[in-house]
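Enquirer: Have a look at this one before I ask anything.
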Amino acid sequence: MTDGTTWVGATAKQISRAVRRGDITATQVVADHLEQISITDPTLDAFRVIRGGEAITEAEKVDDQEDLSNLPLAGVPVAVKENTPVAGLPTWNGSAAARTAVAEEDHEVVRRLRGAGAVVVGITRMPEMGLWAVTDEADSPTRNPWDRDRTPGGSSGGAAAAVASGLVPIAQCNDGLGSIRIPAACCGLVGLKPGRGVVPADLGITNWYDLVENGVLTTTVSDAALGFSVLAGRDPIKLVEPAKLRVGVSTRSPLPGVRADEPNLGAVTTASKLLVQAGHDTVTANPKYPQTLGVGTLATWFASAYRESQAYQLSQLQPRTRQHIRMGKWALRAGLVRQSQRDAFREMSIRFFEDNAIDLLLLPALASAPPLAEGHASGSWRHNMSVSMRYAPFSAAWNVAGLPAISVPVGTRPDGLPLAVQFVGPPDSETLLLAVAGQFEVLNPWQRYAFG
């Protein structure tokens, strides 16, 4: 709680514990958050849909249960990203032109959240078809709570804006080329992309050739661990201090000609010092980013849009999206989308940890500050490609590799916007990533919300 009269600002763990104990009702918690949404969201445009009455009804059903002891998210208000089916609602996919029919049933991750006692209060915005690292529509760009002139990132920008402003303590989201970690970095949040196959994905026609993973955005590591455990169908994770680790450090950019700016390089330096302070060893270890990785990733990005677009009226989509779709058709015809290349990079990435004898890899989360919030939806395809790739080049490779990765706050830029770093681990290292993030949270606490 922030002031004793509202549960806005409480963590998911605090809320669920209080509801299970009977200190507060789920109905009151949800009502508090819906009121805050009504006050704050008109200046953020984080939500596509606000489920006022429906959410209260769901909360009442939680309160009516006789035994809440097995509900790790009892009464916790959550938001769901608009490309994830929620029963009784259309799946918007970023715009009215990309909207699909009313879903007959919840996506599996939504079913798991509700099964854990969470209450879906709304559906958060994303860019059209989830293609960009900014979240915007021409008449309603989603804004960063830390600076409303800036984007909260993409494609899970609405989710990040909602969490960073305290409208929900947890937001479900997904990450195909960085769409959890980029908004987390933009908004000072914890954002874990699980490894391939750990959490049910199954989004759209292709799941972006298995690049997409579902996860959550939160303000604390303990909430991130709780949300991950629910989505993964595991018992709640108990975070323990990890044994001494050997962590590789790299600031090499996967995108030739683009390097991290001084604040982001400084964030890596700060994180390296924190690792040493926590008792770990750090060594320089630069991953190899073969030229075929860049070409193949671009081709897969384009082709994913082309294949997903078969369900839409192309003439109604934004010009930038239509050009992306045309590029996807060309990439497929040219034979540039190759599973063998993606498999080879995954194998190379797993060997990288073994060959360098490292447990984790530390990288920048972003290359520069979050771009401006406006002017992208109506902008050219080239403009949007340039913006997305130049400020956020460090994430996509790890979707191709299918490895778990997490964005962790480490301070602020000179202009007051959050700074973050990214950790990547080998397969099945989600718990270790969370444990290291927890050490950072203790050694270098961050401001949890951008209230105001």
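The values are calculated or read from the model by the stated rules, or taken from the named source; none is laboratory data. Predicted model, so just to flag it, every value in this text is computed and none were measured. Backbone-built Cβ (ideal geometry, glycine too); neighbour counts: all protein chains shown. With ligands, DNA and RNA removed, areas are computed over all heavy atoms of the protein, side chains included. Shrake-Rupley method; radii C 1.70, N 1.55, O 1.52, S 1.80 Å.
Enquirer: Take the solvent-accessible surface of the protein heavy atoms, probe 1.4 Å, and return the percent of it on the chain that carbon and sulfur atoms account for.
Expert: The nonpolar share, carbon plus sulfur, comes to 49 percent.
Enquirer: Please say if segment 227-372 is rounded, prolate or oblate, where rounded means a/c under 1.5 for a ≥ b ≥ c the square roots of the C-alpha gyration tensor eigenvalues, and otherwise the choice is prolate for a/b larger than b/c and oblate otherwise?
Expert: Cα axes put segment 227-372 in the prolate bin.
Enquirer: For segment 164-231, report the accessible area per residue in Å² (1.4 Å probe, heavy atoms, rounded to an integer).
Expert: 14
Enquirer: Which distance in Å, rounded to a whole number, links the C-alpha centroids of segment 399-441 and segment 26-100?
Expert: If you average the Cα positions of each part, the centres end up 27 Å apart.
Enquirer: Which option, (1) 25.3; (2) 28.5; (3) 19.2, is the value of mean projected area of the Cα convex hull in nm² that was calculated from these coordinates?
Expert: Label of the calculated value: (3).
Enquirer: Measuring from the lowest to the highest alpha carbon on each principal axis, how far does segment 310-452 reach, largest first, in angstroms?
Expert: Result, largest extent first: 52, 46, 24 Å.
Enquirer: While we're on this one: Identify the residues of segment 369-401 with backbone N under 15 Å of a label point that sits 7 angstrom from the Cα of residue 262 along the Cα-to-Cβ direction, or state none.
Expert: Once the point is set 7 Å along Cα→Cβ of residue 262, 369 turn out to lie under 15 Å by backbone N, inside segment 369-401.
Enquirer: Express the relative contact order of the chain as a whole percentage, based on alpha carbon pairs under 8 Å and six or more residues apart in sequence.
Expert: 18
Enquirer: How much space per residue, in cubic angstrom, does the convex hull of the C-alpha atoms of segment 143-287 take up?
Expert: Dividing the Cα hull volume of segment 143-287 by its residue count gives 148 Å³.
Enquirer: Right, next: Based on the alpha-carbon set only, what is the convex hull volume of segment 116-170 divided per residue, in Å³?
Expert: Output value, Cα hull per residue: 84 Å³.
Enquirer: Please enumerate, by chain and number, the lysines with C-alpha under 22 Å from the C-alpha of residue 244, excluding those fewer than 8 residues away in the same chain.
Expert: List returned: 273.
Enquirer: Between residue 413 and residues 5 or more places away or on another chain, which pairs have amide H atoms under 5 Å apart, with H built 1.01 Å from N, and which residues are they?
Expert: 419
Enquirer: Considering only DSSP beta bridges whose two residues both sit in the chain, what percent are antiparallel, to the nearest 5?
Expert: Bridges in the chain are about 65 percent antiparallel.
Enquirer: Let me ask another. Can you give me the Cα centroid spacing of segment 354-382 and segment 277-319 in angstrom?
Expert: Here the two parts' Cα centres lie 11 Å apart.
Enquirer: Here's another thing I want to ask about it. Have a look at 59, 266, 69 and report the one farthest towards the positive end of the charge dipole of the chain, computed about the Cα centre with Cβ charges (Lys/Arg +1, Asp/Glu -1).
Expert: Positive-end residue among those listed: 266.
Enquirer: Please get the size of the charge dipole for the chain, origin at its Cα centre, with Cβ charges of +1 on Lys and Arg and -1 on Asp and Glu, quoted in debye to the nearest 20.
Expert: 1500
Enquirer: So what's the Cα pair-distance distribution over segment 67-223, bin width 10 Å, in %?
Expert: The distribution over segment 67-223 is 12, 44, 36, 7, 0, given as percents.
Enquirer: Now a separate question. Report, largest value first, the span of the C-alpha coordinates of segment 34-160 along each principal axis, in whole Å.
Expert: 47, 31, 22
Enquirer: Run through all the Cα pairs of segment 5-68 and give the fraction in each 5 Å bin from 0, expressed as whole percent.
Expert: All Cα pairs considered, the percentages come to 3, 17, 26, 24, 17, 8, 3, 1.
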